[in-house]
Amino acid sequence: CAFRVCLIAFSWHEMRRYQLNCYHYGAVIDVCAKTCMWTRALQFFSDMMKRKIESSTIAVNAAISACGRGGKWEDALQLFKVMGQSEVEYDTVSFGAAISACDKGVACGRALMLLDMMSQRKMQPNTIAFNATITACAKEGKWERAVQLFSAMARSQVEPSIITFNAIVSACEHGGEWAAALALFGVMAENRVELDTITYNTALDACDKAGNWETVLQLFSEMRLRGVRRCTITYQIAVGVAVRQGWLTQSA
């Protein structure tokens, strides 16, 4: 795998007593972060600091990403803060990695602060940054803020992804705004966005909570027709509707 290739090259440089630099470390840390080996990524970053090797944007970005993937969002933000106090320059990836870490740590306020900080620095937030912030807002039930961010994406001409739509539909559904969630689901269908299992499950849940059992059955059937995988959650919602309608008994 890529990690083994990087590690072999890294070890070879050490054995030949080549002078390792931030680019060597950055490459290995980045691969570790992307292959979910966040502990190893942070070990390499720590080793780089101990050797007093001048850091780089790539290396710090990779370390922030590794912290985020490992659920250590506070450490990710600390690295981001240290980055700002050093000569290492922030870039869009730096902000995206830090905001993504906030999403995993359910730190909506911090994510919003970082997004605002990008604007202050005249940096255009990308899809990743918007998606992570919208998801963080959704997790904390701040659906109105999530919708505002979705609108800001459109104004900034940032292309939304399926993750964006899933996050905003989920935000509305969690906020009890089932009508809005279903309206967004309709917008996705009209714009031929490729709907996935998460999208359908969120819409099914919204319909179920709104007491719209007919639409639940319609969407459930539509998933099969479109070839979208139906998971345990999908069947739980459908069976729940069937039980409440008296078509099935609890013992069945």
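Points to keep in mind about this one:
- Solvent-accessible heavy-atom area per residue, rounded to whole Å², over region 33-174 at 1.4 Å: 49 Å²
- Region 173-251-region 126-146 distance, computed between alpha-carbon centres (Å): 22 Å
- Theoretical FRET efficiency, 1/(1+(r/R0)^6), r = Cβ-Cβ of residue 221 and residue 39, R0 45 Å, to 0.05: 0.50
- Peptide packing for 226-236, 88-98 was compared via the average number of neighbouring C-beta atoms within 10 Å per residue; ordered from the highest value, the list is 88-98, 226-236.
- Cβ crowding within 10 Å averaged over residues, with 138-145, 51-58, 154-161 ranked highest first: 138-145, 51-58, 154-161
- When volume of the Cα convex hull per residue in Å³ is computed from the coordinates, the matching label among (i) 315; (ii) 155; (iii) 196 is (ii).
- Separation of region 78-125 from region 37-53 is 21 Å, based on Cα centroids.
- Compared with the dominant principal axis of the Cα atoms in the chain, helix 127-139 is inclined by about 60°.
- The alpha carbon gyration tensor of region 153-252 gives principal lengths a ≥ b ≥ c with a/c of 1.5 or higher and a/b greater than b/c, which makes the shape prolate.
- Between helix 38-50 and the chain there is an angle of about 30 degrees, using the helix long axis and the longest principal axis of the Cα atoms.
- Expressed as a whole percent, the accessible surface of the chain that belongs to carbon and sulfur atoms is 53, based on a 1.4 Å probe.
- When the square roots of the Cα gyration tensor eigenvalues are ordered a ≥ b ≥ c, the ratio a/c for region 111-162 is 1.5 or more and a/b does not exceed b/c, which makes its shape oblate.
- Angle between the chain longest axis and helix 213-226 axis [Cα atoms, degrees, rounded to 10]: 60 degrees
The values are calculated or read from the model by the stated rules, or taken from the named source; none is laboratory data. Small disclaimer: the values here were computed from a predicted structure and weren't measured. Using ideal geometry, Cβ is built from the backbone for each residue, glycine included, and neighbour counts are taken over all protein chains shown. For the accessible areas, the whole protein counts, side chains as well, though only heavy atoms, and no ligand, DNA or RNA atoms are used. Shrake-Rupley method; radii C 1.70, N 1.55, O 1.52, S 1.80 Å.
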